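Please read the structure below before turning to the comments.
Rule-based calculations on the coordinates, nothing more; no lab input. Since the structure is predicted, the reported quantities are computational estimates derived from the model, not experimental observations.
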Amino acid sequence: MKEISIQIIPQLTDNYSYILKSNSSSSIIIIDPAESVSHIEYIKKNNSSLDSIFLTHHHYDHVGGVKEILKEFPHVKVFSPNFSIDGTTHILSDNLKITTKLNEFISISTPGHTLEHMILYDQRNSILFSGDTLFRLGCGRIFEGTFEQMFNSLKKINNFPDSTKIY
């Protein structure tokens with residue numbers, strides 16, 4: 001991962017958000033910001049330029065910080081699985097390729113935790129952001145989907161190369 005570095009941002013009491021930073025420019029991407037303050041401080045402290053925000057699903061512990069971030073940076077692209085998520089400017093769909101200033105993501109549908117849940121895969125950097133589909137010791141709770149959907153979503157993740165770093 002010579003092109004980007006990843007900053008893990010603790011959120012709420014038991015969550016994480018991620019900042020992807022270009023190693024050759026000031027561009028950054030935020031993934032799943034539950035809170036805004038730490039992200040805004042990071043951007044200002046590091047003289048960074050926020051390129052876009054990616055959201056894996058609609059739960060507050062993944063989108064709660066978007067509104068305040070957009071107050072500071074109103075022209076940022078926000079990618080999510082549904083326009084009902086505040087701030088969304090672009091919709092993620094299954095196998096959609098999104099080219100950013102930092103990388104290229106493929107959004108992959110992984111229903112189970114929620115019906116519209118998406119994971120984000122960057123093949124060139126061999127990284128995957130799983131949202132609440134996969135945890136360190138299990139998977140996310142089944143809120144909207146079915147157990148069969150979650151099982152199939154987990155099988156998709158299992159098919160990625162062993163070298164893939166999962167966040």
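Couple of notes before you dig in:
- For segment 18-30, backbone phi angles converted through the Karplus equation (6.51, -1.76, 1.60; θ = phi - 60°) give residue-by-residue couplings of 9, 10, 9, 10, 5, 8, 10, 8, 8, 6, 9, 10, 10 Hz, Gly and Pro being listed as x.
- Of the residues Leu55, Leu92, Leu102, the one that moves most in a GNM of the chain with alpha-carbon contacts below 10 Å is Leu102.
- 5 angstrom amide H check on Leu92, placed H, neighbours 5+ away: Ser80, Asn82
- Amide H contacts under 5 Å for Tyr16, placed H, 5+ residues apart: Gln11
- Taking each of Lys67/Lys155; Lys45/Lys156; Lys45/Lys97; Lys77/Lys97; Lys71/Lys156 in turn, the alpha-carbon distance tops 26 angstrom for Lys67/Lys155; Lys45/Lys156; Lys45/Lys97; Lys71/Lys156.
- In order along segment 149-162, the phi-based Karplus estimate (6.51 cos²θ - 1.76 cosθ + 1.60, θ = phi - 60°) of 3J(HN,Hα) comes to 4, 5, 4, 5, 5, 5, 5, 4, 5, 4, 7, 6, x, 4 Hz; Gly and Pro are listed as x.
- Relative contact order [Cα under 8 Å, 6+ residues apart], the chain, whole percent: 15 percent
- Distance distribution note for segment 41-128: the fraction of Cα pairs above 23 angstrom is 23%.
- 3J(HN,Hα) from dihedral phi, segment 80-87, Karplus parametrisation 6.51/-1.76/1.60, rounded to Hz, x for glycine, proline: 8, x, 7, 5, 6, 7, 3, x
- Seen from a random direction on average, the alpha-carbon convex hull of the chain projects onto 8.9 square nanometres.
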